[in-house]
Amino acid sequence: MVDQDPGVSRETILGGGSPTPAQGFDDTPIGAAAARASQILTPGGAGELPRPQSTRIITIANQKGGVGKTTTTVNMAAGLALHGLGVLVIDLDPQGNASTALGIDHRAPDISSVYELLLGEVRLSDAIQQSPNNKKLFCVPATLDLAGAEIELVSLVARENRLRNALDQQTLTDLGIDYVLIDCPPSLGLLTVNAMVAAKEVLIPIQCEYYALEGVGQLLRNIELVQAHLNPALHVSTVVLTMYDGRTKLADQVADEVRRHFGEKVLQTIIPRSVKVSEAPGFGMTIIEYDPGSRGSMSYLDASRELAMRGVN
Ligand code: ATP
Ligand code: MG
């Protein structure tokens, strides 16, 4: 399928740099996409981003289901990794969708997962797997066992701090991890609370659809509660608008409303609705690996750049 609308200018990705071999063909959408893909996939071709002074730990949360949490987690992770940054994705959803999208085996009977990590049965270094698609990208996978963890955690000591205590800084340093992105399940239960206690930042994906802000008030109140009682450093740092469909008026109205509500926290980059973005996980890939020159890939690359630049400024 041809992506009819390249969406992002060629200069955005090429940064005004040197010409590429595919440049002669880029007057068609498919040629432009090929040129962008060839540039991105050249080692160092995506350019470099500043490394944060210390590891940034970001929780991707919204208790509303299907708003793009997992898609945003894995594609921003891949975007940061493509720029040379070390990224660890923690899959905190029993569905294991983030693990799947990163090409990580999470169905084998004997793997160490985030479940054993939370229960204190394994160390972080034992539960981490490297993505087969990018050596800067790592994942602690989720297995179906995690579905029972919410109940099992209740009786454990320091039940809200299990993930924070498991994230041992030495392992993160040894692997060169600059970003930890935690993909939450669609609930505000103990798993999400663990993610909020472990992180400093919350990134909220909001779908450009009816009732986009429904439930966001409750999410913000929960963040305030965690901040007041468990993790004073926690704050909403970033909001990402997802699944934007430029053909509808509604999408623009939602985007405006979210910007009125969250102001500067909303990334300038809006993630478009694109079939390719939804196809990629089926191949164990992020959109950046599945179709690097596509609109979806470009927008997640732009979003990851914005995230990295904002953190440093
Ligand atoms: P859950 O609450 O179940 O964990 P989620 O918030 O993690 O869901 P995703 O799984 O990322 O949401 O996305 C929900 C569905 O929408 C998936 O099928 C995904 O492939 C699709 N999707 C996400 N982003 C896009 C996009 N930009 N364009 C088209 N489809 C998308
Ligand atoms: Mg998800």
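The values are calculated or read from the model by the stated rules, or taken from the named source; none is laboratory data. Note that this is a predicted model, so its numbers are computed, not measured. When we count neighbours, we look across all protein chains shown, and the Cβ atoms used for this are built from the backbone with ideal geometry, even at glycine.
Just a few scattered comments:
- Here Gln130, Gln95 are screened, and the one residue that is closer than 24 Å to Leu203 by Cα, surrounded by fewer than 21 Cβ atoms within 10 Å (Cβ to Cβ) and within 16 Å of ligand 1 (Cβ to nearest atom) is Gln95.
- Being free of Cβ contacts under 8 Å to residues at least 24 places away in the same chain, buried (at least 18 other Cβ atoms within 10 Å of the Cβ) and within 12 Å of ligand 1 (Cβ to nearest atom) holds for only one residue in Tyr300, Tyr290, and it is Tyr290.
- Scan of segment 42-95 for residues that are among the charged types (D, E, K, R), under 26 Å from Asn165 (Cα atoms) and over 10 Å from the mean Cα position of the chain (by Cα), ordered by number: Arg51, Arg56, Asp91, Asp93
- Enumeration of residues in segment 98-111 that are surrounded by 21 or more Cβ atoms within 10 Å (Cβ to Cβ) and either without any contact (Cβ under 8 Å) to a residue 40 or more places away in the chain or of a type in the set (A, V, I, L, M) (or both): Ala98, Ala101, Leu102, Ile104, His106
- Scanning segment 98-127 for residues that are hydroxyl-bearing (Ser, Thr, Tyr) and within 16 Å of ligand 1 (Cβ to nearest atom) gives Ser99, Thr100.
- Filter pass, Asp174 being of a type in the set (D, E, K, R) and either modelled with pLDDT of 95 or more or surrounded by 18 or more Cβ atoms within 10 Å (Cβ to Cβ) (or both): yes
- Annotation: of all residues in segment 112-121 being crowded, with 18+ Cβ neighbours inside 10 Å and of a type in the set (A, V, I, L, M), the one that is farthest from Leu82 (Cα to Cα) is Leu118.
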